[in-house]
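*Asks:* The structure follows.
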């Protein structure tokens, strides 16, 4: 079983790629604890999308503190606790910080991050979802969150590139890189089952899953 090999799975990827829906399905399948990024609880996020420069730092710090509080509990888990599936990776917090903060803000952020990061455990597996900026934009519009309306394809393209660079260098945990362009894990059970089998068969530290249409 997947759960016997991977006790802590993190699903990652840019905005709109489908992290949360996949994490929810995996958690149900594995009877695992679900750890979700609390975007709707961040009071600065809607203002950030309206004025990124002004609200980047408080938005980033609010996310950092929330993620730290959630993942801190994982460090105290033992073998008898349920498995955990999260829709974010603590390490990627720096990715958003570099993308959105100016130099002085980033230096302040780094000091706070350095004090908090060691408490977060490393996942047993990271599932990195990819999609083109156009597909991300379509999915963001389809889910219809009001505060995401100011998002544009240029920002999503920059974010997707930042994720690609981040995972090019990431080696802290095994990574399954999934091209989700032609996959719909939320609505097509066949796609989800294909991914579960791919996870089950994973043996290396960096592997790829791509469904060609």
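*Asks:* On each of the three principal axes of the Cα atoms of region 2-210, give max minus min coordinate, whole Å, ordered largest first.
*Replies:* 45, 38, 29
*Asks:* Okay, next question. Over region 144-213, with a single point scatterer placed on each C-alpha, what log10 of the ratio I(q)/I(0) does the Debye formula yield at q = 0.12, 0.17, 0.20 1/Å?
*Replies:* Debye curve over Cα of region 144-213, log10 I(q)/I(0) at q = 0.12, 0.17, 0.20 Å⁻¹: -0.46, -0.86, -1.02.
*Asks:* With no solvent and one equal point scatterer per Cα, compute the Debye intensity ratio I(q)/I(0) for region 123-178 at 0.17, 0.21, 0.25 Å⁻¹ and report its log10, rounded to two decimals.
*Replies:* Treating every Cα as an identical point scatterer, log10 I(q)/I(0) equals -0.63, -0.83, -0.97.
*Asks:* Return a whole-number percent for the relative contact order of the chain, with Cα pairs under 8 Å and 6 or more residues apart as the contact set.
*Replies:* Taking the mean separation of contacting Cα pairs over the length of the chain, I get 28 percent.
*Asks:* Based on DSSP, what percent of beta bridges with both residues in the chain are antiparallel, to the nearest 5?
*Replies:* 0
*Asks:* Connecting C-alpha atoms closer than 10 Å in a GNM of the chain, tell me which of 130, 187, 60 has the biggest fluctuation.
*Replies:* Result: 187 has the largest fluctuation of those listed.
*Asks:* Test of understanding: what is the full-extension gain from residue 194 to residue 50, defined as 0.36 nm times their sequence separation minus their Cα-Cα distance?
*Replies:* 48.0 nm
*Asks:* Cut-off 10 angstrom, C-alpha nodes, Gaussian network model of the chain. Which of 17, 196, 126 fluctuates the most?
*Replies:* 196
*Asks:* Let me ask something else about it. Can you give me the Kirkwood hydrodynamic radius for region 27-110, using every pair of distinct Cα atoms, in Å to one decimal?
*Replies:* Value: 14.2 Å, from the Cα pair sum.
*Asks:* Extending each Cα 7 Å along its Cβ direction at residue 5 and residue 115, get the distance between those two points in nm, one decimal.
*Replies:* Taking the two extended label points, one gets 4.0 nm.
*Asks:* If region 89-213 were replaced by its equivalent ellipsoid, with semi-axes equal to the square roots of 5 times the Cα gyration tensor eigenvalues, what would those be, largest first, whole Å?
*Replies:* 27, 22, 12
Just so you know, all these numbers are worked out from the coordinates, no wet-lab data involved. Here the structure is a predicted model, which means the values were calculated and not measured. Here the Cβ is made from the backbone with ideal geometry for all residues, glycine too, and neighbour counts use every protein chain on show.
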